[in-house]
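As structure tokens, the structure follows; a few thoughts come after it.
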Amino acid sequence: MIEAALAARERAHAPYSRFRVGAALLCERGIVHAGCNVENAAYPEGTCAEAGAVAAMVLSGSRRIRAVVVAGDGGAPCTPCGGCRQKMREFADPAMPVRMVDASGTVLLVCSLGELLPHAFGPDLLPAEPGPPG
Ligand code: THU
């Protein structure tokens with residue numbers, strides 16, 4: 001997973017921040033799905049590495065995240081942004097481990113999704129079978 005995150009990071013499109021990020025997710029079928037950040041000249045349209053990896057996982061047909069690795073820049077752990085924490089919560093339990101590594105693959109921090117996003121609103125809080133729209 002660390003190798004996949006580092007390889008994805010190499011593909012990042014980050015000409016504005018110069019902060020390249022790669023993410024790798026392990027799904028319930030044992031497949032590793034990767035993503036990189038893709039920035040945009042219209043800055044708010046940029047997307048995070050984790051968001052790309054979640055989209056790749058869903059497209060593949062998987063629906064559960066068992067573990068995540070995020071590879072960032074610099075010496076500080078690249079902790080997922082708030083929006084990406086919520087995106088991962090959709091498909092992961094609070095106990096799911098998130099490992100943050102540096103650009104050489106050294107693990108800087110390991111924590112659970114629940115630690116990153118306590119008291120999260122998740123799919124379990126919605127009715128199992130929603131009624132008709134409206
Ligand atoms: N970024 C990610 O892709 N993932 C993170 O966990 C944090 C930040 C990206 C967004 C943007 O392209 C760049 O890093 C700087 O914020």
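So the values come out like this:
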read-out: Selection within the range 12-69 - near the ligand (Cβ under 9 Å from one of its atoms), assigned to a helix (DSSP H, G or I) and in contact with a strand residue (DSSP E or B) (Cβ under 6 Å, 6 or more places away or on another chain); value: ALA49, GLU50, GLY52
read-out: One residue from PRO118, PRO80 being over 18 Å from ALA24 (Cβ atoms) and either out of contact with any helix residue (DSSP H, G or I) (no Cβ under 9 Å at 6 or more places or on another chain) or not in a helix (DSSP H, G or I) (or both); value: PRO118
read-out: In the range 22-55, residue surrounded by the most Cβ atoms within 10 Å (Cβ to Cβ) [restricted to those that are closer than 17 Å to GLY82 by Cβ and free of Cβ contacts under 8 Å to residues at least 24 places away in the same chain]; value: THR47
read-out: Of all residues making up the range 94-104, the number that are part of a loop (DSSP other than H, G, I, E, B) and either polar (S, T, N, Q) or out of contact with any Ser or Thr (no Cβ under 9 Å at 6 or more places or on another chain) (or both); value: 3
read-out: Residue within the range 75-96 that is within 9 Å of the ligand (Cβ to nearest atom), crowded, with 16+ Cβ neighbours inside 10 Å and more than 23 Å from PRO118 (Cα to Cα) present; value: no
read-out: Residue match in the range 117-129 (condition: within 14 Å of the chain's Cα centre (by Cα) and either within 13 Å of the ligand (Cβ to nearest atom) or over 19 Å from VAL32 (Cβ atoms) (or both)); value: yes
read-out: Qualifying residue in the range 105-114 (condition: more than 16 Å from the chain's Cα centre (by Cα), assigned to a loop (DSSP other than H, G, I, E, B) and closer than 16 Å to ILE2 by Cα); value: yes
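Bear in mind that the values in this text are calculations on the coordinates, not laboratory data. Bear in mind the structure is a predicted one, so any value in this text is a computation, not a measurement. Virtual Cβ from ideal backbone geometry, glycine too; neighbours counted across all protein chains shown.
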